Amino acid sequence: MDSKSNAAIRTAEPPANATDIAETDEQTAKGSALLTPKTGSSTEAPSRLSGTWLKTMGPRYLVRITALIVAVILWELASQNGFNVYINFDNIPAPSIVGAALVTELTGSEFYLHILHSLERVAIAYVIAVVLGVLLGVAMGRSRWAEDIIMPYIELLRPIPAVAWIPLAILMLPTEQSSIIFITFLGALFPVILNTVHGVEQTSDVLVRAARSLGASRAAILWHVVLPGAMPSIVAGLAIGMGVAWFSLLAGEIISGQYGIGYYTWNSYTLIQYPQIIIGMLTIGGLGTLCTLLVRKGCNPLLKWQAKGGHS
Amino acid sequence: MNDALATDNRLAVLDHSRLQAKSGKPGAERGRVSVRDVDIVFETATGSHVAVQNASLTVRPGEFICLLGPSGCGKSTLMNTIAGFVKPSQGEVKVDGKAVTEPGPDRGMVFQQHSLFPWKTVKENVAFGPLMSGVGSQEANSVARTFLSLVGLAAFENAYPNTLSGGMQQRVGIARALANYPSVLLMDEPFGALDAQTRIMMQENLLDIWREFRNTVVFVTHDIDEAVFLSDRIVVMSASPGQIIADIDVNLPRPREQSLLTSPEFMALKRQCLDLIRQETLNAFKQQNKTG
């Protein structure tokens, strides 16, 4: 009753206060926003309440693992029996054959070189994308000028798939390595920028006013209010960016004549080494997932305030 | 909810020397607010909207006044000009002789809700003002602890705001605003979102703190009981355009307690305000019907 009548006051009042209500709505909306990561309850819980976690999440993980195992069994059966109803499993190696090939790869050193080269490229591309993306995103979120100047480029370039950049990347950049890194970088850049802009633009007006009335300078407001407020969205962008970096990498590594897990996959196709294709694909999937997980875990300390209040 | 407090014991922790040093020698004027012929006009899509018209008001140092009025009468807007968030279209606002041009730590703000930094612990929130004023983090933390004790939340210094109840959050908000030793405390319906029981407790708590602090308080509310219970003076505003229509002295003895709420003197003042507000609300309704 009371909060309602207060809300009424605020709506009736002119612009200065109108944002207050919007802010409240935003905070509730934030939790369910498309790009916002889930609250820490699921990520923080294991270390704190492992007993409870095991009870609630244990059965769910059992289901997840079982689902994967069932798929592998079906695949094995389909391959061994030459399943061919519209989808053809004739030429697809069975998991047992892929597994054997993987063991061979793991005992050699070549496979690790592919992985190392890819990791290096992703690391370089990602770091540049994060630094540049967050800087541009903050600038765009804070300044209408910056947004108006940069946004058209983003709108235009973002839908272009990584593969389409290959010719230009080769023409414009000095080395193969730099072309691949550039393509990977582009993939990671856009989600980081857009999520940062989104987070910065959601800055609560009341909090900015509170900070100003406490004597905070513009720089202090940016550091103490805008950035931490945007952090959930930025972290979501970092995680998405990492995923996109991995799948852009594959496109980039088509260029490479030597190493890289994308090159490995592509080359196996050329050489008709079917088990290796699948090993390459799953390695990219696995590494991408692992890196995304690391980004999320690494960013957790920045969001611990959210985790604690997750239930209130 | 544990909002009951024995504030008196905790007041001992307040840094009296600092309070004295800031306020100068006894009798020194600090916290005089003067609003002269202020108009506030907002340009909206549908034309200009006069939020406040011809408002003049003087608040004496150490006075506790309430701006009381119906929804949308511009009382928050008027206070926001004292805070420095809204520039008057006409007229001028001065605090201690200095024209207000922007927000500043000499005017502490307490907002209705959701104004604590959710990513800072309770202690970091309160320490923010002192930190911004340039003191070291140790000093800022010790000031923060002092003020958290003052509002009875010392035990929660490491909690994050969204683990606290609404009443506790507002107490942190008050501690944070006071930690800069402001000469004026501006409160924008600070208890409006709290339940009735908590609100009364918070009001008593606020008066206890203010008795010690003795700074000027401008308190915006639409709750008549709250205005009469808290203030030395009630400034009643009318709606669209927001104008000051009455200035009522509240000569009830202090310290005030909940029992005051049923005394005849309290009732008489309440009746007076009620009549004014009722008339204004009716006028506002009439106008809305005409335009709508």
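At a glance:
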| quantity | calculated |
| --- | --- |
| Alpha-carbon centroid distance for the pair region B:134-179 / region A:206-248, whole angstrom | 23 Å |
| Filter on B:Lys87/B:Lys123; B:Lys94/B:Lys123; A:Lys55/B:Lys120; B:Lys94/B:Lys270; B:Lys87/B:Lys286; A:Lys55/A:Lys297 - keep pairs with C-alpha separation over 27 Å | B:Lys87/B:Lys123; B:Lys94/B:Lys123; A:Lys55/B:Lys120; B:Lys94/B:Lys270; B:Lys87/B:Lys286 |
| A versus B: buried accessible surface, summed, Å² (probe 1.4 Å, to nearest 100) | 3400 Å² |
| Solvent-accessible area, 1.4 Å probe, carbon plus sulfur percent, for the protein assembly as shown | 61 percent |
| Among B:119-125, B:207-213, the order from most to least packed when residues are scored by Cβ within 10 Å on average | B:119-125, B:207-213 |
| In region A:151-248, trypsin sites (Lys or Arg not before Pro) in a DSSP loop with at most 16 other beta-carbon atoms within 10 Å | none |
| Packing-based ranking, highest mean first, of A:111-117, A:64-70, A:295-301, B:239-245 given that Cβ atoms within 10 Å are counted | B:239-245, A:111-117, A:295-301, A:64-70 |
| Stretchable slack from B:Thr101 to B:Asn283, in nm (0.36 nm times residue separation minus alpha-carbon distance) | 62.1 nm |
| Complex-versus-alone comparison for region A:209-226, residues with a loss of 10 Å² or more in accessible area, probe 1.4 Å | A:Arg209, A:Ala210, A:Ala211, A:Arg212, A:Ser213, A:Leu214, A:Gly215, A:Ala216, A:Ala220, A:His224, A:Val225 |
| Calculated [θ] (222 nm, deg cm²/dmol) that DSSP helices of n ≥ 4 give over chain B, each run adding -39,500 (n - 2.57) | -12000 deg cm²/dmol |
| Kirkwood-Stokes translational diffusion coefficient of the protein assembly as shown, alpha-carbon pairs, 10 °C, 1.306 mPa s, µm²/s | 56 µm²/s |
| Space enclosed by the convex hull of the alpha-carbon atoms of region A:96-301, per residue, Å³ | 134 Å³ |
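The values are calculated or read from the model by the stated rules, or taken from the named source; none is laboratory data. Because the structure is a prediction, the values reported are computed rather than measured. Because the Cβ atoms are built from the backbone with ideal geometry, glycine has one as well, and the counts that use them run over all protein chains shown. These accessible areas exclude ligands, DNA and RNA; they are computed on the full protein's heavy atoms, side chains included. Shrake-Rupley method; radii C 1.70, N 1.55, O 1.52, S 1.80 Å.
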